[in-house]
Every structure is written in C-alpha cells, then in structure tokens.
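Report on one structure; see the data block that follows.
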C-alpha cells in the first residue's frame, strides 16, 4: 500500500483531507457534493463532536448531496466508521455513535 504524500503541487505541504475539501468545492460548483465532504463540513468547528443522527440529518439537509444507497443513514454511518478506522482519517470516534474531526498534527 503506497503512502500518501502531504506535498502540494507548489512544493508546500497541505494538511490531510485538503484533497477532500478541494474535491467537494469542485463538485459543489458542479451541483453535487459527496456525503463524506458534507459530513466533514458539518463537523467543522464542533470540538466535542456530534452524534451520528445529527450528522446524518445535516448531511441529508445539504443541497447537492448524492447518495446511491437505499438506506442513506446506514451509508453515512459506514462512511464515518471507515474514516474513523483509518490511521490518517479525517474523523475520529470520541464515544459510541459520536464523531468529531481528527485534530491535525502540525509538521515542520
């Protein structure tokens, strides 16, 4: 498995997750937003995190979110769980059913 690089194309470094944010901005301009990007946006600024049910409501209320699953709540919950399980994931589980953005480590 190849390691992810935190180097941007201009030689500087970017924080992990910057690619997701940039992709979300491009898709928003095109009229669609991924559920993961919408979840990250709703968690931004929430220091103690949010319950999964609140995240699901916020994501579903976001204009342009495209979900292909039959059960959107389960799809969003799975996205959060997978992201929390990653060592460099964007979110972390702080309690059962509660997630927040993972604090970013400063490099340099």
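The values are calculated or read from the model by the stated rules, or taken from the named source; none is laboratory data. None of the values given here were measured: they were computed from a predicted structure. Glycine gets a Cβ as well: all are built from the backbone with ideal geometry, and neighbour counts include every protein chain shown.
So for segment 61-79 (the condition being loosely packed, with under 11 Cβ neighbours inside 10 Å, in a helix (DSSP H, G or I) and modelled with pLDDT of 65 or more), does at least one residue qualify? Scanning segment 61-79 turns up at least one residue that is loosely packed, with under 11 Cβ neighbours inside 10 Å, in a helix (DSSP H, G or I) and modelled with pLDDT of 65 or more. Under the condition of being touching a strand residue (DSSP E or B) at 6+ places or on another chain (Cβ under 8 Å), under 24 Å from residue 32 (Cα atoms) and surrounded by fewer than 15 Cβ atoms within 10 Å (Cβ to Cβ), the residues counted in segment 80-108 number 1. For segment 60-71, the set of residues classified as on the phi < 0 side of the Ramachandran plot and touching a strand residue (DSSP E or B) at 6+ places or on another chain (Cβ under 9 Å) consists of 62, 63, 65, 66, listed by residue number.
Only a single item in (1) modelled with pLDDT under 75; (2) in contact with a strand residue (DSSP E or B) (Cβ under 6 Å, 6 or more places away or on another chain) is not met by residue 21, and it is number (2).
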